[in-house]
Each structure stands twice: as C-alpha cells, then as structure tokens.
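The values are calculated or read from the model by the stated rules, or taken from the named source; none is laboratory data. Small disclaimer: the values here were computed from a predicted structure and weren't measured. No Cβ is skipped: glycine too gets one built from the backbone with ideal geometry, and neighbour counts run over all protein chains shown.
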Amino acid sequence: MTMPLRERQYYFRDYYDQGEELVLEGRQLRCKLSSKFSLIQKYEGPLAADGPIAIVEQLEQGETLEQGNATLELEYEGTLKADGYQLNISKDGKITIAASNKRGLKYGMDALHQLLSVDDGKCRLPVATIHDEPSFSIRGIIEGFYGTPWSFDDRMDAVRYMAAHRMNAFIYAPKDDPYHRELWCEPYPENIFAQIRELKQECDTHLVDFYYCISPGNDLKFRSEADFASLEAKMAAMISIGVRHFALLMDDIDYTLSGENLHYLERSGLAHAYVANRVYTYLSGQLQEVTLAMCPTEYWSYWDTEYKRDIREKMHKGIKIFWTGYSVFAPKIGSKHAQENYSYYGHDLWLWDNIPVNDADYDRLFLDPVRGRYSRLGQTGHHAVVANPMVQWECSKITLNTMAHYMWNSERYMPELSWELSVREFAGELAEDMMFFCSQNLNSQLYNGGYEELKEALQSKDVQRLDLYFDRLESTSSRLLQWGNHKFKEEAGPWLQRALADVKLWRAVRRKVTGTFEPGVNEELREQAEACQAFKVRLGSDPAWKAAEAWGFAVREGKDGYRLTLES
C-alpha cells in the first residue's frame with residue numbers, strides 16, 4: 001500500500017516530491033550496492049530474503065548474483081545529526097542514502113521500505129528527496145514502573161518495536177526487580193543474567209542502546225568501601241557483556257541523611273553528587289566512552305533548591321539528569337519550566353516522561369496520545385526523551401507510537417494525527433473500533449477532556465443517543481474480543497469485558513428510566529451494578545455509572561467509586 005502524501009509530509013522532517021514516480025519491473029526492488037560509507041561493500045542491516053528489497057551482492061569476478069533493477073549508494077555525511085539521514089530517489093533508478101552513523105543508514109533504509117509499493121509485478125517509488133534528523137539524540141523506553149515487570153518476551157518485542165519506530169534506547173529499570181533496587185548489592189542469578197545478556201544482544205542486533213540502571217539509594221553507606229565494591233561489581237558484570245550505558249537512580253527514596261551518612265556528607269545533594277561522581281570515575285576508568293545518567297530524588301518540581309544547587313556545583317558535568325516535569329505526571333511541559341530547571345540543575349536534562357504508565361492507576365488503561373509537550377524542548381538543554389510505559393506492554397504501543405513521533409520531530413508533532421496513525425498501524429482493519437475503545441480510556445493523569453459524545457447525551461438525558469452509544473460499545477468490545485491479536489486480548493480483555501458489563505448496567509438503568517414501576521427493575525439494577533463493581537478494572541469514561549448518576553440512581557464516592565442510591 002502506498003504511503004499517502006499527507007503521511008509522508010508529516011512522518012519525515014523535510015520531504016520534497018514533485019509528483020513523479022519511479023516504476024521498475026519486478027516484484028522486488030533489487031539494488032546493486034555501492035558503498036562510500038566505508039570500505040565494507042555491504043549493507044549490514046537486516047533484510048529478509050523474500051522481502052520487498054534485496055541487495056545484489058558483488059561476486060569476486062564482478063558478476064552479480066542476479067540482475068538488479070536499481071542502484072543503491074551509501075554515503076557518509078558528517079554534517080548530519082546522529083541517526084539522521086538523507087534519502088534521494090532519482091528518476092533514473094539511482095537511490096542514495098547518506099548518514100553519519102549506521103543507525104542513520106538503517107532509518108534511511110526503513111524510509112525506503114515505507115515509500116515502496118509493489119503491485120501488478122512492478123515496484124513503485126516516488127521520485128523524492130528526504131532530509132530527516134531527530135529532535136532528540138536519545139529516544140526510547142524506560143521500563144521504570146512499579147508492579148509486575150515485563151516478561152523477557154515483552155522486552156525482546158519492545159526492542160524490535162523501538163528499532164522500527166526510530167527509537168534508540170532501552171533503559172532497564174523495573175522498580176520491582178529486586179536485584180535493581182532492594183537487592184542492588186547482590187549479583188544476578190545466572191538465569192536472569194543470561195536473559196539480560198540476550199536482551200543486550202538483541203539491542204545490538206537492532207542498533208538500540210541498552211542502558212542498565214541500578215537504584216542503591218535506600219541503604220547505601222557512603223563511607224563503606226564494601227558497598228561501593230558491590231556497586232562496581234554489579235556494573236563490571238554488565239560491562240563484561242558489552243554494556244556501555246548506565247543510570248544511577250536515586251528516585252522515590254527518603255533522602256534525609258542520618259547517622260554516619262549525615263556525619264560524612266551533611267546534605268543529600270552533596271551525597272548524591274558524591275555517589276554519582278564515584279560511579280562516573282569508575283566507569284570512565286573501565287570504558288573508552290561511557291554514558292551515565294542520574295535520576296535525583298528531586299526528579300520533579302520547577303523551583304530551585306539547595307539540593308539542586310549541590311548537584312549543579314558538585315556533580316561532574318558529563319553526568320546527565322532525569323526529570324519528569326513539574327510533577328510526577330506532568331500535564332504540560334512548557335518552555336518556562338524546561339529552561340528554568342535546566343539552569344537549576346546545570347546539566348543536560350533527560351525527560352523521563354511518565355506516559356502512558358498506569359502504576360498509579362492499576363485499574364485503568366491509557367490509550368491516548370502524548371499531549372502538552374513543548375515543541376522545541378530539544379532547544380532547552382534536553383537531549384533525551386524516554387517514555388515510561390504501562391505494565392501492559394502490547395497496549396502501551398498505541399501511545400508509544402505517538403511518543404516516537406514527538407521524539408523524532410517535536411516541532412511538527414500533532415497529537416490527534418499521530419493518534420490516528422498509531423491506531424491504524426496497530427489495529428489495521430479494526431482501526432475504527434480500536435479508536436472508539438481508545439477514546440473510552442483517556443489518560444486521567446494528564447488529560448481531562450474527551451468523552452464529549454457521552455457527556456452531551458447525559459446532559460440532555462437523550463436515551464436514544466445513549467442507546468446508540470452503548471450499542472456501539474457492545475459491538476466494538478465484542479469484535480475486539482474476537483480479534484487475532486492474542487496479546488492485546490490477554491492484556492485488554494478485562495477492560496473489554498468490563499465494557500460489556502457497562503452495557504448491561506446501562507440497559508438496567510434504561511428500564512428504570514422508561515418503566516419505573518416495572519417489577520424487579522431495582523433488583524436488576526442492583527445486580528448489574530454489583531457485576532460492574534466486581535471487576536478490578538474500569539473504563540475511564542465510566543459510561544454506565546455516569547448514566548445512573550445523571551438520573552439520580554447513583555452518587556460518586558471518592559476518586560474511582562460509585563454507590564447506588566435506590567430506595568429499598
């Protein structure tokens with residue numbers, strides 16, 4: 001299927017196309033390769049033998065394995081940002097990809113795949129030029145939530161997903177992995193370490209940087225050489241399998257110093273700078289190039305503090321700083337707070353964006369796009385944006401795709417368009433149903449809009465409109481429960497079943513509204529209400545309970561609950 005022009009103009013930073021088309025015979029784009037990127041005359045990225053693009057290798061005698069129908073030239077262009085690329089498709093069948101690193105070459109080849117369509121035994125490409133560079137040098141996912149960590153299979157799939165969506169960093173920091181936090185000073189059991197090694201290898205295969213994080217802040221003794229030896233041993237094990245990127249996480253701890261720690265370092269800011277500097281010195285002695293980021297205990301806020309001053313003045317300038325915005329779940333990250341916090345910390349900032357994480361709302365799914373992020377955040381000292389997903393990895397993909405769009409080109413990011421493209425990619429033919437389901441599950445931590453169709457129908461107490469709404473909720477949920485994406489059904493199944501329970505509750509409310517004296521109507525309403533309450537999950541739109549509330553049959557109690565108010 002041809003990528004529509006509107007999507008090309010949005011997805012690629014600078015896209016130039018005068019409407020001409022390159023048409024080549026054959027059901028496969030067979031490229032004769034010429035590389036000026038290096039003396040290695042081959043494309044090192046993954047290409048399926050039966051895929052739409054094949055590289056025709058050169059034999060020793062100068063012959064080709066098969067006849068090519070296009071030429072592909074790879075070039076080094078040092079003026080491009082890391083991961084950026086230029087792709088030029090000429091009318092004479094010459095294709096050129098220029099980049100400053102291998103990841104840029106990969107993204108250029110990915111762009112070629114996206115532009116290529118094959119039909120009627122012909123390959124079709126727009127005659128076009130693309131200049132594409134990222135807004136942030138580091139773009140990725142941080143597995144940093146509380147709750148059940150992802151499975152090994154989820155992590156492997158996450159790496160492949162990132163690689164396909166121009167993200168380049170997998171940051172391993174599951175809060176409830178005991179060897180990351182509680183047992184930070186103990187080595188990993190061999191079976192878990194073997195999985196981390198395999199995960200690192202998968203990252204290497206897909207040109208994704210693997211970051212190992214450790215969180216020793218709860219009980220590290222700053223004068224204990226034994227504690228620092230344990231910390232170094234943990235990092236040495238990671239270095240032995242090729243890890244070069246690390247993060248020291250001091251978030252979510254009681255950072256008030258006491259006892260010997262207080263006597264030795266006086267203030268928590270001095271203490272955390274001291275620990276980070278020791279880690280940085282150790283890593284710098286072990287590796288030619290090292291990346292170290294630190295998540296401070298004051299990872300949110302928008303004002304200056306003594307703690308930030310100590311970090312600013314005492315911590316090595318090569319260490320990066322995580323922050324989440326002006327709150328843990330920041331509805332808006334604007335230019336003022338971004339610029340001021342950059343000056344307060346005095347280090348390169350990495351945005352740890354708590355989207356679409358649901359560890360503060362385990363009963364909810366968050367399926368809408370990222371909103372409220374400054375379009376020129378990369379010009380305020382921010383070099384990275386990493387998203388903290390939900391426990392439900394498959395469901396996280398919808399929001400993460402929109403995050404990937406923002407990370408790559410924040411200046412042009414359009415939330416609703418990205419949401420549309422993300423849902424279509426995720427659900428295919430069921431995109432319309434999926435979008436309706438997503439629109440029932442907006443991120444209440446970040447966005448209070450939405451549910452307008454439901455809100456208007458309830459305000460006017462329009463029973464017919466509500467019937468149509470709940471009929472659609474029923475048919476949508478039923479179709480999604482029959483969908484072939486088994487991982488999605490496993491994760492979202494409880495919410496889809498809850499939606500069907502809401503439909504039954506509405507119909508009980510409707511019978512009460514339209515036939516007050518009908519025998520047994522109150523009992524049925526209580527029965528359906530109890531069925532909804534038995535679920536441990538809920539839709540963000542709370543449609544049936546809001547309907548019951550609109551007619552005075554229920555009242556809201558607290559953040560998440562409702563109570564029936566029927567007369568006995």
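Contact map, the range 139-153: first residue over 27 Å from TYR406 (Cβ atoms), second residue β-branched (Val, Ile, Thr), Cβ cut-off under 6 Å, separation 6 or more or different chains; pairs are THR148/VAL391. Do the conditions hold for PRO331, that is, is it within 17 Å of the chain's Cα centre (by Cα), farther than 22 Å from ASP252 by Cβ, in a loop (DSSP other than H, G, I, E, B) and in contact (Cβ under 8 Å) with a residue 40 or more places away in the chain? For PRO331, the condition - within 17 Å of the chain's Cα centre (by Cα), farther than 22 Å from ASP252 by Cβ, in a loop (DSSP other than H, G, I, E, B) and in contact (Cβ under 8 Å) with a residue 40 or more places away in the chain - is not met.
The set of residues from the range 149-175 being more than 13 Å from the chain's Cα centre (by Cα), among the aromatic types (Phe, Trp, Tyr) and farther than 24 Å from GLY217 by Cβ comprises just one member, PHE152.
Filtered by the rule that a residue be out of contact with any Asp or Glu (no Cβ under 7 Å at 6 or more places or on another chain), in contact (Cβ under 8 Å) with a residue 12 or more places away in the chain and farther than 18 Å from GLY334 by Cα, the range 409-424 gives GLU416, LEU417, SER418, GLU420, SER422, VAL423.
Entry remark, the range 3-25: residues being without any contact (Cβ under 8 Å) to a residue 12 or more places away in the chain and either assigned to a helix (DSSP H, G or I) or of a type in the set (A, V, I, L, M, F, W, C) (or both) number 2 in total.
Against the test of being crowded, with 19+ Cβ neighbours inside 10 Å, of a type in the set (Gly, Ala, Ser) and closer than 22 Å to ASP359 by Cβ, the options ALA330, ALA271 yield a single qualifying residue, ALA330.
Applying the condition of being part of a helix (DSSP H, G or I) and over 31 Å from the mean Cα position of the chain (by Cα) to the range 213-238 and asking which residue is surrounded by the most Cβ atoms within 10 Å (Cβ to Cβ) yields PHE228. For the range 241-290, residues that are closer than 19 Å to ALA173 by Cα, of a type outside the set (D, E, K, R) and touching a residue at least 40 places away in the same chain (Cβ under 8 Å) total 16. In the set MET294, MET238, only one residue is without any contact (Cβ under 8 Å) to a residue 60 or more places away in the chain and touching a helix residue (DSSP H, G or I) at 6+ places or on another chain (Cβ under 6 Å); that residue is MET294.
Consider the range 154-194 and keep the residues that are among the β-branched types (Val, Ile, Thr) and without any contact (Cβ under 8 Å) to a residue 60 or more places away in the chain. The one that is nearest to ALA236 (Cα to Cα) is ILE192. So for the range 120-127 (the condition being surrounded by fewer than 18 Cβ atoms within 10 Å (Cβ to Cβ), in the same structural domain as TYR15 (by TED's automatic domain parsing), among the acidic types (Asp, Glu) and at negative phi), does at least one residue qualify? Within the range 120-127, not a single residue is surrounded by fewer than 18 Cβ atoms within 10 Å (Cβ to Cβ), in the same structural domain as TYR15 (by TED's automatic domain parsing), among the acidic types (Asp, Glu) and at negative phi. If you go through the range 108-144 and keep only what is outside any strand (DSSP E or B) and out of contact with any helix residue (DSSP H, G or I) (no Cβ under 9 Å at 6 or more places or on another chain), you end up with GLY108, MET109, LEU112, HIS113, LEU116, ASP120, GLY121, GLY144. Which one is farthest from CYS31 (Cα to Cα), of the residues in the range 145-179 that are among the basic types (Lys, Arg) and part of a loop (DSSP other than H, G, I, E, B)? Selected residue: LYS175.
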